[in-house]
1. In deg cm²/dmol and to the nearest 500, what is the mean residue ellipticity at 222 nm of chain A if only DSSP H runs of at least 4 residues count, each as -39500 (n - 2.57), divided by the residue total?
2. Dipole of the protein assembly as shown, Cα-centred, from +1 at each Lys and Arg C-beta and -1 at each Asp and Glu C-beta, to the nearest 20 debye?
3. Tally Lys and Arg at +1 and Asp and Glu at -1 over the other residues with C-beta under 14 Å from the C-beta of A:GLY18: what net charge comes out?
4. Within 10 Å of each Cβ in peptide A:279-291, how many partner chain Cβ atoms are there on average? Round it to a whole number, please.
5. Treating only the Cβ atoms of Lys and Arg (+1) and Asp and Glu (-1) as charged, compute the dipole magnitude of chain A about its Cα centre; round to the nearest 20 debye.
6. Suppose a student asked you for the relative contact order of chain A, using Cα pairs under 8 Å spaced at least 6 residues apart; what percent would you report?
7. At most 10 other Cβ atoms within 10 Å plus a DSSP loop assignment makes a site exposed; report the longest stretch of chain A without any exposed GluC sites (Glu not before Pro).
8. Only loop residues by DSSP count here, and only those with at most 15 other Cβ atoms within 10 Å; note down the GluC sites (Glu not before Pro) in segment B:53-162 that meet that.
Amino acid sequence: MLRFTLTRIGLVLPTFVGITLLAFAMVRLIPGDPIELLVGERGITPERHAELRADLGLDKPLLVQYALYIGAVVKGDLGKSIVTKRPVSDEFFTLFPATVELSLCALAFAMIVGLPAGIIAAVRRGSMFDHTVMGAALTGYSMPIFWWGLLLIILFSGILGWTPVSGRISLLFYFDAATGFMLIDSLLSGQEGAFASTLSHLVLPTIVLGTIPLAVIARQTRSAMLEVLNEDYVRTARAKGLAPLRAIGLHALRNALIPVVTVIGLQVGVLFAGAVLTETIFAWPGIGKWLIDSISRRDYPSVQGGILLIATTVIIVNLAVDLLYGLINPRIRHKN
Amino acid sequence: MNATINAAVNAGPETSTAPAPPHPLREFWSYFSENVGAVAGLLVFAVVCLVAISADFTSPHLPNEQFRAHFLQPPMWQEGGSANFPLGTDAVGRDMLSRIMHGARFSLIIGLIVVTLSVTAGIALGLVAAFFRGVIEIIVMRAMDILLSLPSLLLAVVIVAILGPDLFNAMLAISVVYLPHLVRLTRAAAIAELSKDYVTASRLVGAGTLRLAVVTVLPNCLAPLIVQATLSFSSAILDAAALGFLGMGAQPPTPEWGTMLAEAREFVLRAWWVVTFPGLAILVTVLALNLLGDGLRDALDPKLKRQ
């Protein structure tokens, strides 16, 4: 297992270096002078221009610039936002919990609905339920989620008046962010109604962000189950008189879940991409919205740092899934 | 005597061998048409294509024509609506139906250009990686890994941020995002083919690398690529609409479905029709293409055929 772990980490390192290259190149590829972007529209004397270039290290050869950049990144210094003048990493990690909370809720929703739906669809293959689930899954998979969000707002906020339209919690509540996770913070604050308010703000974004992962998980679970249900050991389990539920739950499900775990891990990227849209619709103060806002404000250090951190998160989660996969499936582990 | 022998010889092959295999296209169609969803998807997609092509003649109004007396008019079946604007009008008095019909054109062109760009580049890079093993392969495949480590929409957003927001840059960005899957598919399929006898035979006869790659190997790798291209087509429509919605794709007043939704956002609680119809158009088109893609996969994948 150690060797397997080390090989996988070794495979990830070049990707990480590539990501830093991409982030480094990005700011230099943007047409126009970065100094002019910095000072805005007021104009600048040539002396001050040269001074700023030297300050930012832009007068050095590219290779030296890259080395300096890597040195700073390793120390956790991702530069400062042009707009707020705060370190990019501070901004990112202040907003990160909001996105993580939303993504975890969406993933939980997708799994709680998707796994049973996929299992039942496989067991009752060809039934009405199977067709409905697969039809719904394909529709969910084809869904423009930004439109789905607007539809849910029309129905639940506009017509029924059940849920709020935007934000993480009602403005009536105020408490310090102890963990950054509003569900936990609102409970800790002890204020009456705070937790309920958080929940009601969370419901629609969770459904919207969870829709595509839900569709993918349901489809994958169904096909993995179908494959396993045809195996001899499941037939043996049934033939020796095990109750169907036990044969399915114990013998089939365990093996069917192996590919499903991978698919769930792959949803992290989907969740980040979806977060950009979901957070924009619901004015959710997370990194997806922050990134889009930074781009429209031309705050390139923030974009650069944000991209690097998001890609790193995705790489780490995928690595973790890969390792977990090796742990639950010895065949993968010993192939290497 | 001779006549009977001749008759027996002539009849021989017909009676003793199996019937000739059906033409590949015919065989494909017989598998494809079994799948009701796929045929439905094909039909809907054909209708969307027809609407896109004929929008200039069939749409009731021009897509950007403003009717100042009819701001946010509801669809015809609702109170206050009129048959002149069947799906209602938007906030500046433009006919929703006409805009959606013209929007079909943008979505299809986006899909077509993205698929053409990414498939061409993907096949080229994939074949290069398969034929020139070693350093070139490592560089190409690592570069694809890097692109894959960023969530697709985020990568597209970043590329658009570098190039500047407009429809063409959005299409370019989406093409880059889809590249890794196509490169991997092509490379894997080509490597599998390269070890086969017919390739060795072709090489022995003296075929050059380019001929070997494009004429000998590529046609045998096409099945998975066709499926991936169909699915990329639908994802491209979806992603281009998302970019338009974020203000990073087509710019107003272009009647692109995602851009229309972005403009409609502030009226979400006042005028349901300006939000509902463009999104429905996206959903129906993408769903049709995905059904079509699933059908193609089932019909083209010989492993599934035998089941």
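Please treat every number below as a calculation from the coordinates, not as lab data. Every value quoted in this text rests on a predicted model; they were computed, and no experiment measured them. Every residue, glycine as well, gets a Cβ built from its backbone with ideal geometry; the counts of neighbours run over all protein chains shown.
1. Numbers: 14 runs with 243 residues, N = 336.
Mean residue ellipticity, 222 nm, calculated: -24500 deg cm²/dmol.
2. Numbers: 45 positive and 42 negative charges, 386 e Å.
With only Lys, Arg, Asp and Glu charged at Cβ, the dipole is about 1860 debye.
3. Details: positive: B:ARG142; negative: B:ASP145.
Charge balance in the 14 Å sphere: 0.
4. 1
5. So the dipole magnitude of chain A works out to roughly 1440 debye.
6. 27 percent.
7. Working: sites that count: A:GLU41, A:GLU192.
Result, exposed sites excluded: A:42-191.
8. Numbers: sites: B:GLU65, B:GLU79, B:GLU137; in loops: B:GLU65, B:GLU79.
Hits after loop and neighbour filter: B:GLU65, B:GLU79.
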